[in-house]
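I have placed the structure first, in the form of structure tokens, so that the comments after it can refer back to it.
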Amino acid sequence: MGSELLKLIPLAFAILFAYLCSSGARSKGHNPWLWGILGFFLGIFAIIVVQLLRDKELEGRRTARLEGYGSKTANPRPSSEPAKPLWKRLAEEQHKAKGPGA
């Protein structure tokens with residue numbers, strides 16, 4: 001009876017680790033099923049990785065805030081106007097520097 005009960009202890013820990021990983025991943029916006037399975041098989045290592053994961057909701061807000069930052073300076077040209085090759089821009093600058101009669 002005692003040795004049979006001792007065999008259930010690792011299974012109880014695996015279920016506990018699966019639950020902790022699943023709830024941690026859910027709170028951070030990640031797939032709880034995937035992390036529950038990883039927690040069951042990898043144990044404490046999966047819990048450590050879940051704690052290191054970024055919060056997807058906070059990351060989404062950060063990305064949305066940064067997308068609007070500096071967008072006018074990053075691409076001053078309208079997207080419909082194609083960029084001119086460097087050689088063409090240099091030729092136009094030389095033509096302007098020489099003047100129209102040269």
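Sorting 22-33, 2-13 by their mean Cβ neighbour count within 10 Å, with the most densely packed peptide first, gives 22-33, 2-13.
With θ taken as phi - 60° and the Karplus curve 6.51 cos²θ - 1.76 cosθ + 1.60 applied, the whole-hertz 3J(HN,Hα) list for the range 86-96 is 4, 4, 6, 5, 5, 5, 5, 5, 5, 5, 5 Hz, x standing for glycine and proline.
Charges were assigned to the Cβ only: +1 to each Lys and Arg, -1 to each Asp and Glu. The resulting dipole of the range 2-70 about its Cα centre is roughly 180 debye.
Which of the trypsin sites (Lys or Arg not before Pro) found in the range 33-67 are in a DSSP loop and have at most 11 neighbouring Cβ atoms, other than their own, within 10 Å? Provide the component values of the computation, followed by the final result.
Details: sites: Arg54, Lys56, Arg61, Arg62, Arg65; in loops: Arg54.
Loop-located and lightly packed - Arg54.
Projected over all directions and averaged, the alpha-carbon convex hull of the range 2-70 occupies 4.9 nm².
Just so you know, all these numbers are worked out from the coordinates, no wet-lab data involved. Just so you know, these numbers come straight off a predicted model, no measurement behind them. Glycine also receives a Cβ, built like all others from the backbone with ideal geometry; neighbour counts cover every protein chain displayed.
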